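Read through the structure below, which is laid out as structure tokens, and then see the notes.
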Amino acid sequence: VGQLLQGLVPTAWSANGKRLLAQFGGQDTTYAVGVNVETGAQKPILEATEQGLVGTALSPDGKTVFGSVGGFEPGPNHDVVSVPFTGGKPKVLVKNALFPSFGS
């Protein structure tokens with residue numbers, strides 16, 4: 001982990017406990033990472049960029065990540081998206097929004 005970076009912070013577990021969603025972050029850097037619980041292998045959900053996907057939740061089966069894209073600063077460039085845990089094209093669920101939350 002380079003200077004001014006914190007490393008991985010867990011954000012969500014799949015209901016079956018087999019998949020972990022984490023966020024790699026630090027100063028001006030954040031992106032969602034899928035972690036294989038059995039092996040510890042890590043893979044960015046989308047391309048690892050300074051202002052990548054902020055993953056906040058997993059579907060109960062662990063196959064879908066919910067989060068937001070558009071960078072750090074609040075504004076009209078954010079979208080709430082869903083992305084397959086294994087990676088793929090983000091599907092926009094809500095435009096001009098960020099940080100989805102699920103729960104009761």
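Nothing in this text is a laboratory measurement; each read-out follows from the coordinates by a stated rule. Just so it is clear, the model here is predicted, and its values are computed rather than measured. Don't worry about glycine lacking a Cβ; one is built from the backbone with ideal geometry, like all the others, and counts go over all protein chains shown.
If the elastic network links every pair of Cα atoms under 10 Å, which of Leu53, Leu93, Leu20 fluctuates the most in the Gaussian network model of the chain?
Residue with maximal mean-square fluctuation among Leu53, Leu93, Leu20: Leu93.
Residues with amide H under 5 Å of Gln6's amide H, sequence separation 5 or more or different chain, H placed in the peptide plane at 1.01 Å from N; which?
So Gln6 has HN proximity to Gly25, Gly26, Gln27.
Contour minus end-to-end for Asn77 and Asn36, with contour as 0.36 nm per residue of separation and end-to-end as the Cα-Cα distance? Intermediate results must be reported in sequence, preceding the final value.
On the way: separation 41, 0.36 × 41 = 14.76 nm, distance 3.10 nm.
Here the segment from Asn77 to Asn36 would lengthen by 11.7 nm.
Please arrange Asp61, Asp79 by counting, for each residue, the other beta carbons lying within 10 Å of its beta carbon, fewest first. Please report the intermediate quantities before stating the final value.
On the way: Asp61 12, Asp79 18.
In order of increasing Cβ crowding within 10 Å: Asp61, Asp79.
Through the Karplus equation 6.51 cos²θ - 1.76 cosθ + 1.60, θ set to phi - 60°, convert the phi angles of the range 91-101 into ³J(HN,Hα) values in whole Hz; use x for Gly and Pro.
Result, ordered by residue: 9, 6, 9, 9, 7, 6, 8, 8, 6, x, 9 Hz.
Check the straight Cα-Cα distances from Lys18 and name the lysines below 17 Å, setting aside those fewer than 8 residues away within the same chain.
Output for Lys18: Lys43, Lys63.
Any idea what the relative contact order of the chain is, in percent, if you count C-alpha pairs under 8 Å spaced at least 6 apart?
Numbers: 265 pairs, mean separation 20.0, N = 104.
It comes to 19 percent, rounded to a whole number.
Please compute one quarter of the surface area of the Cα convex hull for the range 5-95 and express it in square nanometres.
Working: hull surface 21.9 nm².
Result: a mean projected hull area of 5.5 nm².
I want to verify a result. In a Gaussian network model of the chain, Cα cutoff 10 Å, which of these has the top mean-square fluctuation: Gly52, Gly62, Gly17?
Per the Cα network of the chain with a 10 Å cutoff, Gly17 tops the list.
At Thr86 and Gln27, where each label point lies 7 Å from the Cα along Cα→Cβ, what is the point-to-point distance in nanometres?
3.9 nm
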